[in-house]
Every structure is written in structure tokens, then in C-alpha cells.
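Input: a single structure, listed below in C-alpha cells.
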Amino acid sequence: FYISALLHAIDKREEFIYDAAPETLNGYTTIDVYSEYKFGKKLKAFANFRNITNKKYFDWLGYNTRRFNFMAGITFRLN
């Protein structure tokens, strides 16, 4: 069994806009969690949960980013 957590924190910052005053973008913090479980040597199940606090934030002014999302699956090795 394997589990990991990632805390991503960005402080407030200024985005410079051509021919206009700079805009201040707010800081934000997101949390991601990844886990996997191996069923022997050939089979593995995994789940990846991103932005589990569903934080709305901007990396670049005017461009939305992902809210809460997840991916899960199973991998199987043939050899």
C-alpha cells in the first residue's frame, strides 16, 4: 500500500499587463492525494485526487484552473 500527499502553496503576486497597471493575483493553497495498492506483482489499483479542497484560483489572469478532480484505474502487467 502506498499513499502520498502534496501541499502546493503560492503567495500573492503581480501579473504585468501590457500597457496597463499590474494586477495582483491572490495566493492559494491546494492539496493533492495519491494512493495505490498492489495485488501481487502484476496487478495494481490507483487513485489520484487533485485539489481536494475544491479551491478556485488563477495561475494566469483570466485563465481558469481545475477544481476538484480525480483519476482512478487498474494496471495489469502481462510479463
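Among the criteria (1) of a type outside the set (Asp, Glu); (2) open to solvent by 60 Å² or more (accessible area, probe 1.4 Å); (3) touching a strand residue (DSSP E or B) at 6+ places or on another chain (Cβ under 7 Å), the one Tyr63 does not fulfil is (3). Taking the criterion of being assigned to a strand (DSSP E or B) and under 24 Å from Phe1 (Cβ atoms), the residues of the range 60-79 that qualify are Asn69, Phe70, Met71, Ala72, Gly73, Ile74, Thr75, Phe76.
Only one of the numbered conditions (1) out of contact with any Lys or Arg (no Cβ under 8 Å at 6 or more places or on another chain); (2) modelled with pLDDT of 95 or more is violated by Glu23, and that is (2).
Can you give me the number of residues within the range 4-37 that are over 15 Å from the mean Cα position of the chain (by Cα) and either under 12 Å from Asn48 (Cα atoms) or not hydrophobic (A, V, I, L, M, F, W, C) (or both)? Looking only at that region, the number is 14. The strands (runs of 3 or more DSSP E) located wholly in the range 1-59 include none with 1 or more residues which are open to solvent by less than 90 Å² (accessible area, probe 1.4 Å), closer than 30 Å to Ile74 by Cα and in contact (Cβ under 8 Å) with a residue 60 or more places away in the chain.
The values are calculated or read from the model by the stated rules, or taken from the named source; none is laboratory data. Computed from a predicted model, the values in this text were never measured in an experiment. Because the Cβ atoms are built from the backbone with ideal geometry, glycine has one as well, and the counts that use them run over all protein chains shown. Side chains are part of the model used for accessible areas, which takes the heavy atoms of the whole protein and leaves out ligands, DNA and RNA. Shrake-Rupley method; radii C 1.70, N 1.55, O 1.52, S 1.80 Å.
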